[in-house]
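Scroll down for the structure; my scribbles are underneath it.
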Amino acid sequence: TTLPAAQAGTAWSATLQAADSDGSLFFWELVQAPAGLVLEQDALIESSATGFGNRATLRWTPQATDRADSEVLVRVIDSRGGVAL
């Protein structure tokens, strides 16, 4: 997934969503990210007829000295060991 572009000196955020048909717990982690980028997991686990879902928000205020081609890689793991990057 392509994240929205960030601009130096301006607060930036993006919301990620994970869905799982058989696991109701989600564990999010940053694998690769520029310095200062924060990942915040939503405490709410959504439930539907097809399974469960959870969101996480990325927040960052890039500086003029940050690389223009910064990449973000997030891993989400469910309670049964399923992994998505």
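Picking from VAL76, VAL31, VAL72, which residue would you name as being among the β-branched types (Val, Ile, Thr) and loosely packed, with under 13 Cβ neighbours inside 10 Å?
Details: VAL76 fails: loosely packed, with under 13 Cβ neighbours inside 10 Å; VAL72 fails: loosely packed, with under 13 Cβ neighbours inside 10 Å.
None of the others qualify; the one that does is VAL31.
Every condition in (1) touching a strand residue (DSSP E or B) at 6+ places or on another chain (Cβ under 6 Å); (2) open to solvent by less than 50 Å² (accessible area, probe 1.4 Å); (3) at pLDDT 90 or above holds for GLY23 except the one numbered (3). Evaluated against (1) touching a residue at least 40 places away in the same chain (Cβ under 8 Å); (2) closer than 28 Å to ASP69 by Cβ, VAL38 falls short on exactly one condition, (1). The C-beta contact set for the stretch 6-23 (first residue β-branched (Val, Ile, Thr), second residue outside any loop (DSSP other than H, G, I, E, B), distance under 7 angstrom, 6+ apart or interchain) comprises THR15/ARG55; THR15/THR57. Scanning the stretch 40-74 for residues that are among the small types (Gly, Ala, Ser), under 20 Å from LEU3 (Cα atoms) and out of contact with any Phe, Trp or Tyr (no Cβ under 6 Å at 6 or more places or on another chain) yields a total of 4. If you go through the stretch 38-69 and keep only what is open to solvent by less than 50 Å² (accessible area, probe 1.4 Å) and closer than 17 Å to GLN17 by Cα, you end up with LEU39, GLY51, GLY53, ASN54, ALA56, THR57, LEU58.
The values are calculated or read from the model by the stated rules, or taken from the named source; none is laboratory data. Here the structure is a predicted model, which means the values were calculated and not measured. Note: ideal-geometry Cβ built from the backbone for every residue, glycine included; neighbour counts use all protein chains shown. Side chains are part of the model used for accessible areas, which takes the heavy atoms of the whole protein and leaves out ligands, DNA and RNA. Shrake-Rupley method; radii C 1.70, N 1.55, O 1.52, S 1.80 Å.
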